[in-house]
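The values are calculated or read from the model by the stated rules, or taken from the named source; none is laboratory data. Only a predicted model underlies this, so the values are computations on that prediction, with no experimental measurement involved. So basically every Cβ, Gly included, is an ideal-geometry build from the backbone, and we count neighbours across all protein chains shown.
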Amino acid sequence: MLQAAMERYTSFMVVVAVTLISNFASSGLCLKQDIFAPSYVYPCSGTTGCAWDVFKTGATLAIINPSSGPGTTCNSDYVTLVNTTVKSGTSTVKIVLGYVSTSYGARNSTLVQADINKYYSCYKVDGIFLDEGATACDSATITKYQSYNSLVKSKGGLGYTVLNWGTNGPECYLTGTTIDSYVTFEAYFSNYTSSGAPLPYMFSYPSTKFWVILHTAPANAATVNSAVALSKNRNVGHIYITDDIMPNPYDTAPQTTVWSAEKTAASSNSATDIYAPSYVYPCSGTPGCAWDVFKNGSTLAIINPNSGPGTTCNSDYVTLVNTTVKSGTSTVKIVLGYVSTSYGNRNSTLVQADINKYYSCYKVDGIFLDEGATACDSATLTKYQSYNSLVKSKGGLGYTVLNWGTNGPECYLTGTTIDSYVTFEDYFSNYTSNGAPLTYMTSYTATKFWVILHSAPSNATAVNSAVALSKTRNVGHIYITDDVMPNPYDSAPQTTVWQAEKSAAALP
């Protein structure tokens, strides 16, 4: 398990191209897309034609819009939807944004800021969807939108921001603000082929930066497939296609034909996610800095200041998490905190205190629970679910990972709502003979399962084979390093291993 090394080294862990955000190839062209849902319909569940029941079967991100914004009071139905219904059980939705109009930059900034504050105080959203985005490049406009972005990020949690241009916009926003993503096309499905081509500069950025919305689509799977394929060639990482029509194409879910085709086409050629444990102190720009290796393309980091959060807030980690990691050209959007559970034996009060400390000090997006128990008794399951519930009660993304280090029992997947599990952590050479998944695991999505292979040979062919094998074993997240015991996480992989790992993981 990770604890032995962690007791001697401070750490962070990085995940490249986490499915919660999107996957993109090193070339910049998108292999796997995320589906998002501009779900401007009232909360529902289990009723005939309920749009939310559809969105929960494929969308990873949903946008709520209670009343052309958050409304003047907190709506209890939306509170329940966001904090209970939409992220529970088998729902694929993990990120919820709040809709805020900016009237192309003309809306009073005080009103925009009030809407942002209201969403966070009422609904514990994970970020904000800024609609009717300006495209002017003057300093005042850029400063205004950066102030909205900064307000969202000051709230803690994921702090994800999307600016809806509805059409191609200028690069000055990508260089002058730290807004996360942009809607570059929102129009009739029939117009996308002729009018939706990206500007040349957009190919210099990862596909996660760009979203498109196509409405009034034909209920024809082949046509939908073609549109999704075209969007991938255009470096689009997030897509929504609906057959709903004007004047409001967002008041119902897509028909089954469209939704099923959209999900299948968007997920095809899906890449495996790479996550990279590196138990070193925060660094940047120094020779051999592992962080500099991982931060170009990584979307998730796990920090470990002192075998947990430590007794006091470490200012270097505060800077790392809240400034360095999520700023500039860094692709990291999610940060988890490391907490040991000692195979279920650690005092629950201490585990909970560590979780609370991470949130109070570092504004993390979730928790990595190391040394996970595998016992199925009621007391143990209740204990781990209580940790998971505490994380999710903090608002924001609330992402949880339990590190078994080996295959664990299905009772955790049915008896808790923990998001993901590490099912193999061992020598690279042991993976072929010992890393096969349990039968039940093939019934779940690959995003549920992570593996760690250390002491790998510095051989691209061997690394490629291991990644390919992990894909057949329904693994969604992998890390391979040639670093060796007793601490295989105190440096980045050599270039040969890292490049092979990234290339192989990006393949279908």
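The C-beta contact set for region 100-117 (first residue over 15 Å from LYS155 (Cα atoms) and in contact (Cβ under 8 Å) with a residue 12 or more places away in the chain, second residue assigned to a loop (DSSP other than H, G, I, E, B) and of a type in the set (A, V, I, L, M), distance under 6 angstrom, 6+ apart or interchain) comprises TYR104/ALA134; GLY105/ALA134.
Exactly one residue among ASP490, ASP419 is outside the structural domain of ILE128 (by TED's automatic domain parsing) and under 19 Å from LYS94 (Cα atoms), and that residue is ASP419. Among the criteria (1) assigned to a helix (DSSP H, G or I); (2) modelled with pLDDT of 85 or more; (3) within 23 Å of SER91 (Cα to Cα); (4) under 22 Å from the mean Cα position of the chain (by Cα), the one TYR440 does not fulfil is (4).
In this structure, is ASN487 more than 24 Å from the chain's Cα centre (by Cα), surrounded by fewer than 20 Cβ atoms within 10 Å (Cβ to Cβ) and either within 25 Å of ASP34 (Cβ to Cβ) or without any contact (Cβ under 8 Å) to a residue 12 or more places away in the chain (or both)? Judged against the criteria, ASN487 is not a match. Scan region 135-151 for residues that are buried (at least 19 other Cβ atoms within 10 Å of the Cβ) and either over 24 Å from PHE185 (Cβ atoms) or touching a Cys at 6+ places or on another chain (Cβ under 6 Å) (or both) and jot them down. Residues satisfying the conditions do not exist here. In a residue-by-residue description of region 174-182, the property of being more than 23 Å from PRO247 (Cα to Cα), touching a strand residue (DSSP E or B) at 6+ places or on another chain (Cβ under 6 Å) and part of a helix (DSSP H, G or I) applies to no position.
Of all residues in region 72-86, those being assigned to a loop (DSSP other than H, G, I, E, B) and buried (at least 16 other Cβ atoms within 10 Å of the Cβ) number 2. Highlighted here are the strands (runs of 3 or more DSSP E) found entirely within region 361-435 that include at least 1 residues which are surrounded by fewer than 21 Cβ atoms within 10 Å (Cβ to Cβ): 420-427.
Number of residues in region 46-99 that are touching a Lys or Arg at 6+ places or on another chain (Cβ under 7 Å) and over 20 Å from ASN388 (Cβ atoms) equals 2. Applying the set (1) part of a helix (DSSP H, G or I); (2) under 30 Å from THR324 (Cα atoms); (3) in contact with a helix residue (DSSP H, G or I) (Cβ under 8 Å, 6 or more places away or on another chain) to PHE203 leaves exactly one unmet item: (3). No other residue among SER103, SER121 is on the phi > 0 side of the Ramachandran plot and surrounded by fewer than 15 Cβ atoms within 10 Å (Cβ to Cβ) apart from SER103.
Listed by first and then second residue, the pairs linking a residue in region 163-190 that is within 15 Å of PHE129 (Cα to Cα) to a residue that is buried (at least 19 other Cβ atoms within 10 Å of the Cβ) and among the basic types (Lys, Arg), with Cβ atoms under 8 Å apart and 6 or more places separating them unless they lie on different chains, are THR178/LYS153; THR178/LYS326; ASP180/LYS209; ASP180/LYS333; SER181/LYS209; TYR182/LYS209.
Residues that are part of a helix (DSSP H, G or I) and touching a strand residue (DSSP E or B) at 6+ places or on another chain (Cβ under 9 Å) within region 233-262 comprise VAL258, TRP259, ALA261, GLU262, listed in sequence order. So, in region 302-339, how many residues would count as being touching a helix residue (DSSP H, G or I) at 6+ places or on another chain (Cβ under 8 Å), at pLDDT below 80 and either outside any helix (DSSP H, G or I) or under 24 Å from GLU501 (Cβ atoms) (or both)? Selection size over region 302-339: 3. Contact annotation: residue pairs with Cβ atoms under 6 Å, 6 or more positions apart or on different chains, pairing a residue in region 454-472 that is over 12 Å from GLU501 (Cα atoms) with a partner that is part of a helix (DSSP H, G or I), are SER455/PHE428. Starting from residues that are among the hydroxyl-bearing types (Ser, Thr, Tyr) and touching a residue at least 40 places away in the same chain (Cβ under 8 Å), keep the ones in region 133-162 and report whichever is farthest from VAL391 (Cα to Cα). It comes out as TYR145. Consider region 146-172 and keep the residues that are in contact with a Phe, Trp or Tyr (Cβ under 7 Å, 6 or more places away or on another chain) and not in a strand (DSSP E or B). The one that is farthest from PRO198 (Cα to Cα) is LYS155.
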